[in-house]
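The values are calculated or read from the model by the stated rules, or taken from the named source; none is laboratory data. These numbers come from a predicted model, not from an experiment. Reconstructed Cβ throughout: ideal geometry from the backbone, glycine too, with neighbour counts over all protein chains shown.
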Amino acid sequence: MAIIPKRCEMPVQDAAVRAHNFNEVALGYTVEMAVAEAGRCLNCKNKPCVEGCPVNIAIPDFITKVKQGDFEGAYSVISMSSSLPAVCGRVCPQESQCESKCTLGIKFEPVAIGRLERFVADRHNECGLDNDLLPAPNGHKVAVIGSGPSGLTCAGDLAKKGYKVTVFEALHVAGGVLVYGIPEFRLPKKIVAKEVDALKRYGVDIQTNVVIGKTLTIDDLFDQGYEGVFIGSGAGLPNFMGIPGESLKGVYSANEFLTRSNLMKAYAADSHTPIMHAKRVAVIGGGNVAMDAARTALRLGAEHVYIIYRRSMEELPARREEVEHAEEEGIEFKILNNPVEILGYRNPNDRRDPKNGFVTGIRVIKCRLGEPDERGRRRPVEIPGSEYEIPVDCVIMSIGTSPNPLIKNTTAGLEVNRRGGIVVEENTGKTSRDAVWAGGDAVTGAATVILAMGAGKTAARAIDNYISGKK
Ligand SMILES: Cc1cc2nc3c(=O)[nH]c(=O)nc-3n(C[C@H](O)[C@H](O)[C@H](O)COP(=O)(O)OP(=O)(O)OC[C@H]3O[C@@H](n4cnc5c(N)ncnc54)[C@H](O)[C@@H]3O)c2cc1C
(Lines give C-alpha, C1' and ligand atoms only; values in the text may rest on other atoms or scores of the structure.)
Protein backbone atom coordinates (compact mmCIF):
# COMPACT_ATOMS: atom_id res chain seq x y z
CA MET A 1 0.00 0.00 0.00
CA ALA A 2 1.41 3.40 -0.99
CA ILE A 3 1.76 5.73 1.98
CA ILE A 4 0.21 9.18 1.60
CA PRO A 5 2.43 11.40 3.76
CA LYS A 6 0.09 14.39 4.11
CA ARG A 7 -3.37 14.39 5.64
CA CYS A 8 -6.36 15.57 3.66
CA GLU A 9 -7.00 19.23 4.52
CA MET A 10 -10.44 20.16 5.81
CA PRO A 11 -12.10 23.14 4.11
CA VAL A 12 -12.62 26.22 6.29
CA GLN A 13 -14.47 29.51 5.88
CA ASP A 14 -12.22 32.24 4.53
CA ALA A 15 -10.58 34.14 7.44
CA ALA A 16 -11.65 37.60 6.23
CA VAL A 17 -15.27 36.46 5.99
CA ARG A 18 -15.51 34.35 9.14
CA ALA A 19 -14.01 37.09 11.34
CA HIS A 20 -17.37 38.85 10.96
CA ASN A 21 -19.80 35.99 11.46
CA PHE A 22 -20.59 33.33 14.07
CA ASN A 23 -20.95 30.45 11.58
CA GLU A 24 -18.75 27.40 12.03
CA VAL A 25 -15.16 27.96 10.89
CA ALA A 26 -14.30 24.39 9.84
CA LEU A 27 -16.62 22.94 7.23
CA GLY A 28 -15.98 19.20 7.56
CA TYR A 29 -14.89 16.48 5.12
CA THR A 30 -16.87 15.45 2.06
CA VAL A 31 -17.44 11.70 1.51
CA GLU A 32 -14.51 11.60 -0.93
CA MET A 33 -12.18 13.36 1.49
CA ALA A 34 -13.18 11.08 4.38
CA VAL A 35 -12.67 7.90 2.39
CA ALA A 36 -9.29 9.18 1.12
CA GLU A 37 -8.14 10.13 4.63
CA ALA A 38 -9.34 6.79 6.06
CA GLY A 39 -7.26 5.13 3.34
CA ARG A 40 -4.10 6.53 4.97
CA CYS A 41 -4.59 4.44 8.15
CA LEU A 42 -2.02 1.63 8.31
CA ASN A 43 -4.32 -0.48 10.49
CA CYS A 44 -1.24 -1.35 12.49
CA LYS A 45 -1.09 -4.28 14.87
CA ASN A 46 -0.58 -2.46 18.18
CA LYS A 47 -3.27 0.23 17.66
CA PRO A 48 -1.54 2.82 19.89
CA CYS A 49 -4.19 5.41 18.96
CA VAL A 50 -6.79 3.52 21.04
CA GLU A 51 -4.61 3.90 24.12
CA GLY A 52 -4.24 7.61 23.36
CA CYS A 53 -8.02 8.09 23.50
CA PRO A 54 -9.26 8.65 27.09
CA VAL A 55 -12.48 6.74 26.28
CA ASN A 56 -10.67 4.07 24.20
CA ILE A 57 -12.68 4.31 20.97
CA ALA A 58 -11.82 1.37 18.66
CA ILE A 59 -10.28 3.87 16.23
CA PRO A 60 -8.83 1.55 13.54
CA ASP A 61 -12.14 -0.36 13.44
CA PHE A 62 -14.21 2.76 12.75
CA ILE A 63 -11.66 4.02 10.22
CA THR A 64 -11.80 0.68 8.37
CA LYS A 65 -15.58 1.07 8.11
CA VAL A 66 -15.14 4.60 6.69
CA LYS A 67 -12.67 3.22 4.14
CA GLN A 68 -15.33 0.68 3.11
CA GLY A 69 -17.99 3.40 2.84
CA ASP A 70 -19.95 1.88 5.76
CA PHE A 71 -20.49 5.14 7.62
CA GLU A 72 -23.30 3.88 9.86
CA GLY A 73 -21.09 0.92 10.81
CA ALA A 74 -18.37 3.42 11.72
CA TYR A 75 -20.87 5.35 13.85
CA SER A 76 -21.88 2.16 15.69
CA VAL A 77 -18.23 1.47 16.54
CA ILE A 78 -17.67 5.00 17.90
CA SER A 79 -20.92 5.12 19.85
CA MET A 80 -19.95 1.99 21.78
CA SER A 81 -17.40 4.19 23.60
CA SER A 82 -18.51 7.80 23.15
CA SER A 83 -21.91 9.42 23.49
CA LEU A 84 -20.71 12.80 22.12
CA PRO A 85 -18.80 12.03 18.88
CA ALA A 86 -19.85 15.14 16.92
CA VAL A 87 -18.61 17.25 19.86
CA CYS A 88 -15.34 15.37 20.38
CA GLY A 89 -14.61 15.33 16.65
CA ARG A 90 -14.62 19.13 16.83
CA VAL A 91 -13.06 20.12 20.14
CA CYS A 92 -10.88 17.25 21.41
CA PRO A 93 -7.15 17.97 21.50
CA GLN A 94 -6.48 14.96 19.24
CA GLU A 95 -2.98 16.24 18.44
CA SER A 96 -1.92 15.45 22.01
CA GLN A 97 -4.07 12.31 22.38
CA CYS A 98 -4.98 9.68 19.74
CA GLU A 99 -3.21 11.38 16.84
CA SER A 100 -0.01 11.84 18.87
CA LYS A 101 0.23 8.02 19.09
CA CYS A 102 -0.51 7.30 15.40
CA THR A 103 2.18 5.07 13.88
CA LEU A 104 2.00 6.96 10.59
CA GLY A 105 2.80 10.12 12.56
CA ILE A 106 6.31 8.86 13.41
CA LYS A 107 7.48 9.76 9.89
CA PHE A 108 4.56 11.55 8.28
CA GLU A 109 1.44 13.46 9.26
CA PRO A 110 -0.77 11.33 11.54
CA VAL A 111 -4.19 10.18 10.31
CA ALA A 112 -6.75 12.96 10.92
CA ILE A 113 -8.70 10.87 13.43
CA GLY A 114 -10.67 13.81 14.86
CA ARG A 115 -11.81 14.99 11.44
CA LEU A 116 -12.93 11.44 10.58
CA GLU A 117 -14.82 11.15 13.87
CA ARG A 118 -16.56 14.45 13.11
CA PHE A 119 -17.42 13.27 9.59
CA VAL A 120 -18.95 10.02 10.84
CA ALA A 121 -21.01 11.74 13.55
CA ASP A 122 -22.25 14.51 11.22
CA ARG A 123 -23.12 11.98 8.55
CA HIS A 124 -25.14 9.98 11.09
CA ASN A 125 -26.88 13.12 12.31
CA GLU A 126 -27.82 14.01 8.72
CA CYS A 127 -28.79 10.64 7.29
CA GLY A 128 -28.58 7.96 9.99
CA LEU A 129 -31.44 6.14 11.63
CA ASP A 130 -31.96 6.45 15.36
CA ASN A 131 -33.10 2.94 16.15
CA ASP A 132 -31.97 2.98 19.78
CA LEU A 133 -33.32 0.08 21.76
CA LEU A 134 -34.72 1.28 25.06
CA PRO A 135 -33.29 -0.86 27.86
CA ALA A 136 -35.67 -2.55 30.31
CA PRO A 137 -35.92 -0.43 33.51
CA ASN A 138 -33.96 -1.95 36.38
CA GLY A 139 -35.96 -0.11 39.06
CA HIS A 140 -33.08 2.04 40.39
CA LYS A 141 -32.81 5.85 40.45
CA VAL A 142 -29.62 7.88 40.08
CA ALA A 143 -29.23 11.67 40.21
CA VAL A 144 -26.62 13.52 38.13
CA ILE A 145 -25.67 17.09 38.99
CA GLY A 146 -24.62 19.14 35.96
CA SER A 147 -25.24 18.50 32.26
CA GLY A 148 -21.72 19.04 30.91
CA PRO A 149 -19.80 16.24 29.18
CA SER A 150 -19.11 14.37 32.46
CA GLY A 151 -22.73 14.45 33.62
CA LEU A 152 -24.17 13.61 30.19
CA THR A 153 -21.79 10.68 29.75
CA CYS A 154 -22.48 9.29 33.21
CA ALA A 155 -26.24 9.72 32.65
CA GLY A 156 -26.12 8.06 29.21
CA ASP A 157 -24.11 5.06 30.36
CA LEU A 158 -26.42 4.43 33.33
CA ALA A 159 -29.60 4.93 31.28
CA LYS A 160 -28.36 2.33 28.80
CA LYS A 161 -28.21 -0.11 31.73
CA GLY A 162 -31.84 0.56 32.65
CA TYR A 163 -31.37 3.15 35.42
CA LYS A 164 -33.89 5.95 35.79
CA VAL A 165 -31.52 8.93 35.59
CA THR A 166 -32.40 12.54 36.36
CA VAL A 167 -29.91 15.27 35.46
CA PHE A 168 -30.21 18.48 37.51
CA GLU A 169 -28.80 21.49 35.67
CA ALA A 170 -28.48 25.00 37.12
CA LEU A 171 -28.78 26.80 33.76
CA HIS A 172 -31.82 26.85 31.48
CA VAL A 173 -30.14 24.79 28.72
CA ALA A 174 -28.31 21.45 28.99
CA GLY A 175 -24.73 21.02 27.77
CA GLY A 176 -22.46 22.78 30.30
CA VAL A 177 -19.44 24.50 28.75
CA LEU A 178 -20.44 23.03 25.38
CA VAL A 179 -23.35 25.48 25.28
CA TYR A 180 -22.29 28.38 27.47
CA GLY A 181 -18.54 28.49 26.86
CA ILE A 182 -17.39 27.13 23.49
CA PRO A 183 -18.62 29.54 20.80
CA GLU A 184 -20.98 28.69 17.96
CA PHE A 185 -18.20 29.19 15.39
CA ARG A 186 -16.32 26.21 16.88
CA LEU A 187 -19.21 24.08 18.07
CA PRO A 188 -22.69 24.82 16.69
CA LYS A 189 -25.28 24.52 19.45
CA LYS A 190 -27.62 22.41 17.32
CA ILE A 191 -24.98 19.67 17.44
CA VAL A 192 -24.94 19.68 21.23
CA ALA A 193 -28.77 19.72 21.29
CA LYS A 194 -28.84 16.70 18.97
CA GLU A 195 -26.53 14.74 21.28
CA VAL A 196 -28.58 15.76 24.35
CA ASP A 197 -31.77 14.63 22.54
CA ALA A 198 -30.21 11.23 21.89
CA LEU A 199 -29.78 10.81 25.66
CA LYS A 200 -33.38 11.85 26.27
CA ARG A 201 -34.48 9.05 23.94
CA TYR A 202 -32.79 6.66 26.36
CA GLY A 203 -35.11 8.02 29.03
CA VAL A 204 -32.72 10.49 30.71
CA ASP A 205 -34.82 13.21 32.37
CA ILE A 206 -33.12 16.62 32.30
CA GLN A 207 -34.39 19.17 34.81
CA THR A 208 -33.00 22.63 34.07
CA ASN A 209 -33.03 25.69 36.37
CA VAL A 210 -32.28 23.53 39.43
CA VAL A 211 -29.25 24.63 41.45
CA ILE A 212 -28.10 21.84 43.75
CA GLY A 213 -27.04 23.50 46.98
CA LYS A 214 -29.82 26.09 46.64
CA THR A 215 -33.01 24.67 45.07
CA LEU A 216 -32.28 21.20 46.49
CA THR A 217 -29.41 19.67 48.46
CA ILE A 218 -27.75 16.30 47.96
CA ASP A 219 -29.53 15.13 51.14
CA ASP A 220 -32.86 16.09 49.52
CA LEU A 221 -31.96 13.90 46.53
CA PHE A 222 -31.41 10.87 48.78
CA ASP A 223 -34.72 11.67 50.54
CA GLN A 224 -36.38 11.58 47.09
CA GLY A 225 -35.21 7.99 46.63
CA TYR A 226 -32.08 8.43 44.51
CA GLU A 227 -29.65 5.63 45.41
CA GLY A 228 -26.55 7.27 44.01
CA VAL A 229 -25.48 10.82 43.07
CA PHE A 230 -22.87 11.88 40.50
CA ILE A 231 -21.46 15.41 40.80
CA GLY A 232 -20.37 16.83 37.43
CA SER A 233 -20.72 20.49 38.30
CA GLY A 234 -17.62 21.67 36.44
CA ALA A 235 -15.28 24.53 37.33
CA GLY A 236 -17.25 27.64 36.52
CA LEU A 237 -15.83 30.04 39.10
CA PRO A 238 -13.56 32.54 37.29
CA ASN A 239 -10.14 33.48 38.66
CA PHE A 240 -8.92 37.08 38.63
CA MET A 241 -5.35 38.40 38.90
CA GLY A 242 -5.91 40.66 41.90
CA ILE A 243 -4.43 43.70 40.11
CA PRO A 244 -5.78 47.25 40.52
CA GLY A 245 -8.68 48.19 38.24
CA GLU A 246 -10.41 44.79 38.01
CA SER A 247 -13.72 46.25 39.20
CA LEU A 248 -13.82 48.90 36.45
CA LYS A 249 -16.71 48.82 33.97
CA GLY A 250 -15.61 46.93 30.88
CA VAL A 251 -13.75 44.17 32.76
CA TYR A 252 -15.28 40.72 32.23
CA SER A 253 -14.36 37.20 33.19
CA ALA A 254 -14.15 35.12 30.01
CA ASN A 255 -16.95 32.93 31.40
CA GLU A 256 -19.31 35.89 31.75
CA PHE A 257 -18.38 37.32 28.35
CA LEU A 258 -18.80 33.99 26.57
CA THR A 259 -22.01 33.08 28.42
CA ARG A 260 -23.55 36.40 27.40
CA SER A 261 -22.59 35.84 23.79
CA ASN A 262 -23.12 32.06 23.40
CA LEU A 263 -25.93 31.10 25.68
CA MET A 264 -27.79 34.40 25.85
CA LYS A 265 -27.09 35.29 22.18
CA ALA A 266 -26.13 38.85 23.19
CA TYR A 267 -24.78 39.46 19.67
CA ALA A 268 -28.28 39.14 18.18
CA ALA A 269 -30.35 42.32 17.77
CA ASP A 270 -33.36 40.77 19.58
CA SER A 271 -31.40 39.49 22.61
CA HIS A 272 -32.31 40.94 26.02
CA THR A 273 -28.76 40.37 27.30
CA PRO A 274 -26.38 43.31 26.91
CA ILE A 275 -22.72 42.90 25.96
CA MET A 276 -20.03 45.48 25.28
CA HIS A 277 -19.22 46.01 21.61
CA ALA A 278 -15.76 47.37 22.41
CA LYS A 279 -13.37 48.67 19.76
CA ARG A 280 -10.12 47.70 21.50
CA VAL A 281 -10.11 44.57 23.64
CA ALA A 282 -7.38 42.96 25.76
CA VAL A 283 -7.80 39.28 26.58
CA ILE A 284 -5.54 38.10 29.39
CA GLY A 285 -4.41 34.47 29.07
CA GLY A 286 -3.33 32.02 26.40
CA GLY A 287 -5.61 28.96 26.62
CA ASN A 288 -8.54 27.80 24.50
CA VAL A 289 -10.84 30.00 26.55
CA ALA A 290 -8.74 33.10 25.79
CA MET A 291 -8.77 32.29 22.04
CA ASP A 292 -12.56 31.85 22.15
CA ALA A 293 -13.06 35.15 24.00
CA ALA A 294 -10.74 37.03 21.62
CA ARG A 295 -12.36 35.65 18.49
CA THR A 296 -15.83 36.38 19.90
CA ALA A 297 -14.84 40.00 20.66
CA LEU A 298 -13.63 40.31 17.06
CA ARG A 299 -16.92 39.01 15.72
CA LEU A 300 -18.75 41.51 17.94
CA GLY A 301 -17.02 44.30 16.02
CA ALA A 302 -13.71 45.02 17.77
CA GLU A 303 -11.04 46.65 15.58
CA HIS A 304 -8.10 45.49 17.71
CA VAL A 305 -8.09 42.40 19.91
CA TYR A 306 -4.92 41.64 21.85
CA ILE A 307 -4.02 38.35 23.53
CA ILE A 308 -1.80 39.32 26.45
CA TYR A 309 0.26 36.35 27.57
CA ARG A 310 3.27 36.30 29.86
CA ARG A 311 5.17 33.45 28.19
CA SER A 312 6.13 32.93 24.52
CA MET A 313 4.13 31.49 21.58
CA GLU A 314 5.66 28.04 22.23
CA GLU A 315 4.14 27.88 25.73
CA LEU A 316 0.62 28.98 24.69
CA PRO A 317 -1.63 26.29 26.18
CA ALA A 318 -4.36 26.69 23.52
CA ARG A 319 -4.67 24.13 20.72
CA ARG A 320 -2.34 24.98 17.84
CA GLU A 321 -5.23 24.95 15.36
CA GLU A 322 -7.14 27.54 17.44
CA VAL A 323 -4.07 29.79 17.67
CA GLU A 324 -3.57 29.57 13.89
CA HIS A 325 -7.23 30.38 13.25
CA ALA A 326 -7.01 33.34 15.64
CA GLU A 327 -3.88 34.66 13.92
CA GLU A 328 -5.45 34.31 10.47
CA GLU A 329 -8.47 36.29 11.67
CA GLY A 330 -6.28 39.17 12.85
CA ILE A 331 -5.98 38.63 16.63
CA GLU A 332 -2.82 40.43 17.78
CA PHE A 333 -0.53 38.47 20.14
CA LYS A 334 1.30 40.49 22.77
CA ILE A 335 3.39 37.69 24.17
CA LEU A 336 5.92 37.97 27.02
CA ASN A 337 3.71 40.71 28.49
CA ASN A 338 2.14 40.61 31.96
CA PRO A 339 -0.66 42.99 33.07
CA VAL A 340 0.07 45.03 36.20
CA GLU A 341 -2.91 47.43 36.27
CA ILE A 342 -6.16 48.07 34.45
CA LEU A 343 -6.53 51.79 33.85
CA GLY A 344 -9.82 53.66 33.95
CA TYR A 345 -11.37 57.07 33.60
CA ARG A 346 -12.16 58.48 37.04
CA ASN A 347 -13.71 61.90 37.68
CA PRO A 348 -14.37 62.14 41.44
CA ASN A 349 -15.96 65.58 41.03
CA ASP A 350 -18.68 64.49 38.63
CA ARG A 351 -20.33 61.15 39.35
CA ARG A 352 -22.76 61.70 36.46
CA ASP A 353 -19.90 61.87 33.96
CA PRO A 354 -20.85 59.04 31.51
CA LYS A 355 -17.20 58.06 31.09
CA ASN A 356 -16.73 57.61 34.85
CA GLY A 357 -15.43 54.25 35.98
CA PHE A 358 -14.84 52.80 32.50
CA VAL A 359 -11.71 50.99 31.31
CA THR A 360 -9.37 53.12 29.21
CA GLY A 361 -6.29 50.94 29.02
CA ILE A 362 -4.06 48.32 30.52
CA ARG A 363 -0.54 48.70 31.88
CA VAL A 364 1.71 45.73 31.16
CA ILE A 365 5.30 44.82 31.91
CA LYS A 366 7.52 42.98 29.44
CA CYS A 367 8.92 39.59 30.45
CA ARG A 368 11.67 37.21 29.38
CA LEU A 369 11.73 33.45 29.86
CA GLY A 370 13.63 32.13 32.87
CA GLU A 371 14.19 28.66 34.34
CA PRO A 372 11.54 25.93 33.88
CA ASP A 373 8.87 25.59 36.60
CA GLU A 374 7.75 22.30 38.24
CA ARG A 375 5.69 21.48 35.07
CA GLY A 376 8.70 22.06 32.82
CA ARG A 377 7.43 25.36 31.36
CA ARG A 378 9.92 28.22 31.44
CA ARG A 379 8.91 30.86 33.99
CA PRO A 380 8.22 34.43 32.87
CA VAL A 381 10.62 36.91 34.51
CA GLU A 382 9.54 40.55 34.52
CA ILE A 383 12.00 43.05 32.99
CA PRO A 384 12.33 46.02 35.38
CA GLY A 385 11.47 49.40 33.84
CA SER A 386 9.76 47.91 30.78
CA GLU A 387 6.17 48.86 31.67
CA TYR A 388 3.99 50.43 29.00
CA GLU A 389 0.30 51.14 28.40
CA ILE A 390 -2.04 49.75 25.76
CA PRO A 391 -5.24 51.75 25.17
CA VAL A 392 -8.28 49.42 25.38
CA ASP A 393 -11.91 49.83 26.37
CA CYS A 394 -12.56 46.23 27.44
CA VAL A 395 -10.51 43.65 29.36
CA ILE A 396 -11.44 39.96 29.44
CA MET A 397 -9.79 37.88 32.16
CA SER A 398 -9.11 34.36 31.00
CA ILE A 399 -6.61 33.02 33.49
CA GLY A 400 -8.49 29.91 34.57
CA THR A 401 -11.47 28.84 36.63
CA SER A 402 -12.05 26.86 39.82
CA PRO A 403 -14.85 24.58 41.04
CA ASN A 404 -17.72 26.50 42.66
CA PRO A 405 -17.80 25.80 46.46
CA LEU A 406 -21.64 25.78 46.64
CA ILE A 407 -22.12 21.99 46.62
CA LYS A 408 -19.24 21.40 49.01
CA ASN A 409 -20.64 24.01 51.42
CA THR A 410 -24.05 22.33 51.49
CA THR A 411 -22.97 18.68 51.65
CA ALA A 412 -21.63 17.24 54.89
CA GLY A 413 -18.66 14.90 54.56
CA LEU A 414 -17.59 15.94 51.03
CA GLU A 415 -13.82 16.36 51.01
CA VAL A 416 -12.20 18.89 48.64
CA ASN A 417 -8.55 19.73 48.01
CA ARG A 418 -6.97 23.15 48.47
CA ARG A 419 -7.91 24.20 44.94
CA GLY A 420 -11.56 23.34 45.62
CA GLY A 421 -11.56 20.11 43.54
CA ILE A 422 -13.65 17.27 44.98
CA VAL A 423 -11.38 14.48 46.21
CA VAL A 424 -12.20 11.11 44.59
CA GLU A 425 -10.80 7.59 44.36
CA GLU A 426 -8.90 7.36 41.08
CA ASN A 427 -10.44 4.20 39.64
CA THR A 428 -14.04 4.80 40.63
CA GLY A 429 -14.66 8.53 41.08
CA LYS A 430 -16.06 7.75 44.57
CA THR A 431 -16.04 10.75 46.92
CA SER A 432 -15.61 10.74 50.70
CA ARG A 433 -19.43 10.89 51.04
CA ASP A 434 -21.36 7.64 50.93
CA ALA A 435 -23.08 6.88 47.57
CA VAL A 436 -21.72 10.07 45.97
CA TRP A 437 -19.34 10.07 42.98
CA ALA A 438 -17.78 12.99 41.11
CA GLY A 439 -15.82 13.64 37.93
CA GLY A 440 -14.78 16.14 35.28
CA ASP A 441 -13.67 19.69 36.01
CA ALA A 442 -15.35 19.58 39.47
CA VAL A 443 -12.56 17.17 40.43
CA THR A 444 -9.60 18.13 38.23
CA GLY A 445 -10.20 21.86 37.78
CA ALA A 446 -10.51 23.17 34.19
CA ALA A 447 -9.43 20.35 31.81
CA THR A 448 -10.89 18.85 28.63
CA VAL A 449 -14.16 17.48 27.28
CA ILE A 450 -12.82 13.99 26.72
CA LEU A 451 -11.28 13.72 30.20
CA ALA A 452 -14.63 14.80 31.67
CA MET A 453 -16.37 12.16 29.56
CA GLY A 454 -13.86 9.52 30.69
CA ALA A 455 -14.57 10.43 34.32
CA GLY A 456 -18.32 10.19 33.71
CA LYS A 457 -17.85 6.69 32.27
CA THR A 458 -15.68 5.54 35.17
CA ALA A 459 -18.23 6.77 37.70
CA ALA A 460 -21.16 5.19 35.82
CA ARG A 461 -19.41 1.80 36.03
CA ALA A 462 -18.72 2.27 39.74
CA ILE A 463 -22.30 3.42 40.48
CA ASP A 464 -23.66 0.38 38.64
CA ASN A 465 -21.34 -1.94 40.60
CA TYR A 466 -22.37 -0.31 43.87
CA ILE A 467 -26.13 -0.38 43.26
CA SER A 468 -26.27 -3.79 41.59
CA GLY A 469 -24.11 -5.19 44.40
CA LYS A 470 -26.70 -4.02 46.91
CA LYS A 471 -29.46 -6.11 45.30
C1 LIG B 1 -14.53 28.69 26.57
C2 LIG B 1 -14.06 27.29 26.77
C3 LIG B 1 -13.47 26.62 25.71
C4 LIG B 1 -13.05 25.31 25.87
N5 LIG B 1 -12.53 24.65 24.79
C6 LIG B 1 -12.21 23.35 24.90
C7 LIG B 1 -11.75 22.62 23.76
O8 LIG B 1 -11.59 23.14 22.68
N9 LIG B 1 -11.48 21.30 23.92
C10 LIG B 1 -11.66 20.66 25.12
O11 LIG B 1 -11.47 19.45 25.20
N12 LIG B 1 -12.07 21.34 26.22
C13 LIG B 1 -12.34 22.66 26.14
N14 LIG B 1 -12.78 23.35 27.24
C15 LIG B 1 -12.87 22.65 28.53
C16 LIG B 1 -14.10 21.73 28.59
O17 LIG B 1 -15.21 22.35 28.03
C18 LIG B 1 -14.37 21.30 30.03
O19 LIG B 1 -13.21 20.65 30.51
C20 LIG B 1 -15.56 20.35 30.13
O21 LIG B 1 -16.74 20.95 29.63
C22 LIG B 1 -15.79 19.91 31.56
O23 LIG B 1 -16.95 19.14 31.62
P24 LIG B 1 -17.75 18.97 32.99
O25 LIG B 1 -18.88 18.05 32.69
O26 LIG B 1 -16.83 18.59 34.07
O27 LIG B 1 -18.27 20.43 33.38
P28 LIG B 1 -19.04 21.58 32.59
O29 LIG B 1 -19.00 21.44 31.13
O30 LIG B 1 -18.54 22.84 33.20
O31 LIG B 1 -20.55 21.37 33.05
C32 LIG B 1 -20.93 21.55 34.40
C33 LIG B 1 -22.42 21.85 34.44
O34 LIG B 1 -22.84 21.80 35.80
C35 LIG B 1 -23.74 22.85 36.03
N36 LIG B 1 -23.72 23.14 37.46
C37 LIG B 1 -22.73 23.74 38.18
N38 LIG B 1 -23.07 23.81 39.46
C39 LIG B 1 -24.31 23.27 39.57
C40 LIG B 1 -25.21 23.09 40.66
N41 LIG B 1 -24.88 23.49 41.89
N42 LIG B 1 -26.42 22.51 40.43
C43 LIG B 1 -26.75 22.11 39.16
N44 LIG B 1 -25.94 22.27 38.10
C45 LIG B 1 -24.73 22.84 38.30
C46 LIG B 1 -23.20 23.98 35.19
O47 LIG B 1 -24.20 24.96 34.93
C48 LIG B 1 -22.76 23.24 33.93
O49 LIG B 1 -23.81 23.15 33.00
C50 LIG B 1 -13.19 24.67 27.13
C51 LIG B 1 -13.73 25.37 28.21
C52 LIG B 1 -14.18 26.66 28.05
C53 LIG B 1 -14.76 27.40 29.23
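Just to be sure, is Ala297 crowded, with 24+ Cβ neighbours inside 10 Å and touching a helix residue (DSSP H, G or I) at 6+ places or on another chain (Cβ under 6 Å)? No; evaluated as a whole, the condition is false for this residue. Of all the numbered requirements in (1) basic (Lys, Arg); (2) within 22 Å of the chain's Cα centre (by Cα); (3) away from the ligand (no atom under 16 Å from the Cβ), Arg260 misses one, and that requirement is (3).
Okay, residues lined up against (1) crowded, with 24+ Cβ neighbours inside 10 Å; (2) aliphatic (A, V, I, L, M); (3) more than 13 Å from the ligand (Cβ to nearest atom); (4) more than 23 Å from Gly250 (Cβ to Cβ):
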position: Gly285; (1), (2), (3), (4): yes, no, no, no
position: Ala290; (1), (2), (3), (4): yes, yes, no, no
position: Glu303; (1), (2), (3), (4): no, no, yes, no
position: Ile307; (1), (2), (3), (4): yes, yes, yes, no
position: Glu314; (1), (2), (3), (4): no, no, yes, yes
position: Arg320; (1), (2), (3), (4): no, no, no, yes
position: His325; (1), (2), (3), (4): no, no, no, yes
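Within the stretch 58-70, restricting attention to residues that are hydrophobic (A, V, I, L, M, F, W, C) and part of a helix (DSSP H, G or I), the residue that is farthest from Thr30 (Cα to Cα) is Ile59. With a requirement of 3 or more residues that are outside the structural domain of Asp292 (by TED's automatic domain parsing), the strands (runs of 3 or more DSSP E) lying completely within the stretch 360-471 that satisfy it span 436-438.
Selection of the stretch 410-432 for residues being farther than 15 Å from Gly400 by Cα, away from the ligand (no atom under 13 Å from the Cβ) and surrounded by fewer than 19 Cβ atoms within 10 Å (Cβ to Cβ) yields Ala412, Gly413, Glu415, Asn417, Arg418, Val423, Glu425, Glu426, Asn427, Thr428, Ser432.
Among residues of the stretch 166-179 that are more than 18 Å from Lys194 (Cβ to Cβ), those with a beta-carbon under 6 Å from a residue that is near the ligand (Cβ under 7 Å from one of its atoms) and modelled with pLDDT of 95 or more at least six positions away or on a different chain give the pairs Phe168/Ile145; Phe168/Val210; Phe168/Ile212; Ala170/Val211.
Within the stretch 136-181, the residues that satisfy the criterion of being surrounded by fewer than 24 Cβ atoms within 10 Å (Cβ to Cβ) and of a type in the set (Val, Ile, Thr) are Thr166, Val173, Val179.
Residue pairs whose Cβ atoms lie under 7 Å apart, separated by 6 or more positions or on different chains, with the first residue in the stretch 321-350 and over 30 Å from Pro384 (Cβ atoms) and assigned by TED's automatic domain parsing to the domain that holds Ala290 and the second assigned to a helix (DSSP H, G or I) and of a type in the set (Lys, Arg), are Ala326/Arg295; Glu329/Arg18; Glu329/Arg295.
Does the stretch 353-360 contain any residue that is crowded, with 20+ Cβ neighbours inside 10 Å and closer than 16 Å to Ala290 by Cβ? Within the stretch 353-360 (the criterion being crowded, with 20+ Cβ neighbours inside 10 Å and closer than 16 Å to Ala290 by Cβ), the answer is no, since none of the residues qualifies. Looking across Ser386, Ser398, Ser402, one residue alone is loosely packed, with under 15 Cβ neighbours inside 10 Å, among the hydroxyl-bearing types (Ser, Thr, Tyr) and under 30 Å from Ala302 (Cα atoms). It is Ser386.
If the condition is being outside any helix (DSSP H, G or I) and of a type in the set (Lys, Arg), then the stretch 71-127 contributes only Lys107. Being of a type outside the set (Phe, Trp, Tyr) and closer than 26 Å to Ile335 by Cα is a property that holds for His277. Just to be sure, is Gly301 of a type in the set (Gly, Ala, Ser) and in contact with a strand residue (DSSP E or B) (Cβ under 9 Å, 6 or more places away or on another chain)? Judged against the criteria, Gly301 is not a match.
Evaluation of Asp292 against the conditions (1) out of contact with any Leu (no Cβ under 7 Å at 6 or more places or on another chain); (2) charged (D, E, K, R); (3) within 27 Å of Met313 (Cβ to Cβ) shows that the sole unmet condition is (1).
Every condition in (1) under 28 Å from Asn404 (Cα atoms); (2) in contact (Cβ under 8 Å) with a residue 12 or more places away in the chain; (3) not acidic (Asp, Glu) holds for Lys190 except the one numbered (2). Every condition in (1) without any contact (Cβ under 8 Å) to a residue 60 or more places away in the chain; (2) away from the ligand (no atom under 11 Å from the Cβ) holds for Ile243 except the one numbered (1).
The residue of the stretch 190-231 that is modelled with the highest pLDDT, among those that are on the phi > 0 side of the Ramachandran plot and surrounded by 14 or more Cβ atoms within 10 Å (Cβ to Cβ), is Gly213.
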